[in-house]
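Okay, so here's the structure we're looking at.
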């Protein structure tokens, strides 16, 4: 097994990644496949923390757009991330990967409360830590959660595993076949051009704390390990070199 380029990573998974081809709910076979890939990453002795979205179950913005109170809709989205996190924890432990779920909203019967020092200690002991329930506050996305937790635990990189996208393009390649893929980008370019890597709050957090982001496709088996090992896949945001499209 090749040596990892990093010591500690945050893996950001969308809720849709757990849904498989259905696009909604949780597909146990897909979750098991992702868990096996994460086990391969842990075999490199790399410390792994994970943030999972909840869009396969509920989207707070969608509920808000239809008249629901925004804070209530967002809290429902946070609970959806807890469900996804528990499913992923179960799959990881079935693969003999010691895992802890920490939630920003306290629910001690199902998970630990988020405590920064305890999370770091789990990682140092070789456990995978899954951060659930977002930041615990409405109006913040799970992208922002990933950026915030990465800063708090001093992660070396955020791996943004995307469904139906193998990097960042100057236009949506699904509708613009001529769209060009970026190999590297600066944070400010992402913000100025509205490229949608993360929301602006998350991107700004990464920029302020100099946390690089690797955007890659989760659809191809083995890509999580490749990204964790620093292979040249996807798009790097926050690298040293200026990129031309």
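Considering only beta bridges that DSSP places wholly inside the stretch 8-237, some 15 percent are antiparallel. Extension gain, residue 137 to residue 121: 0.36 nm times the residue separation minus the Cα-Cα distance gives 3.3 nm.
For the Cα trace of the stretch 161-208, dividing Rg by the Kirkwood Rh returns an Rg/Rh value of 0.97. Residues within the reach of a label modelled at residue 199 (point 7 angstrom out along Cα to beta-carbon, backbone nitrogen below 18 Å), restricted to the stretch 117-158, are 131-151.
In the Gaussian network model of the chain, springs joining C-alpha atoms below 10 Å, which of 65, 161, 49 carries the largest mean-square fluctuation? The residue that fluctuates most here is 65.
Using a 10 angstrom cutoff on alpha carbons, build the Gaussian network for the chain and name the most mobile of 167, 134, 15. Top of the fluctuation ranking is 167.
From the mean inverse distance of alpha carbon pairs (Kirkwood) and the Cα radius of gyration, derive Rg over Rh for the chain. Radius of gyration relative to Kirkwood radius: 0.94. Only helices enter the 222 nm calculation for the chain: every DSSP H run of n ≥ 4 contributes -39,500 (n - 2.57), and dividing by all residues gives -11000 deg cm²/dmol, rounded to 500.
What is the distance in Å between the Cα centroid of the stretch 82-108 and that of the stretch 13-55? The distance from the Cα centre of the stretch 82-108 to that of the stretch 13-55 comes to 11 Å. Distance between the 7 Å Cα→Cβ label points at residue 192 and residue 44: 3.2 nm. Once the C-beta distance of residue 32 and residue 231 is scaled by a Förster radius of 30 Å, the resulting FRET efficiency is 0.80 to the nearest 0.05.
Values in this text are rule-based calculations from the coordinates and carry no lab data. Bear in mind that the values here come from a model prediction, so they are computed numbers and not experimental data. Note that we place each Cβ from the backbone using ideal geometry, even for glycine, and neighbour counts take in every protein chain shown.
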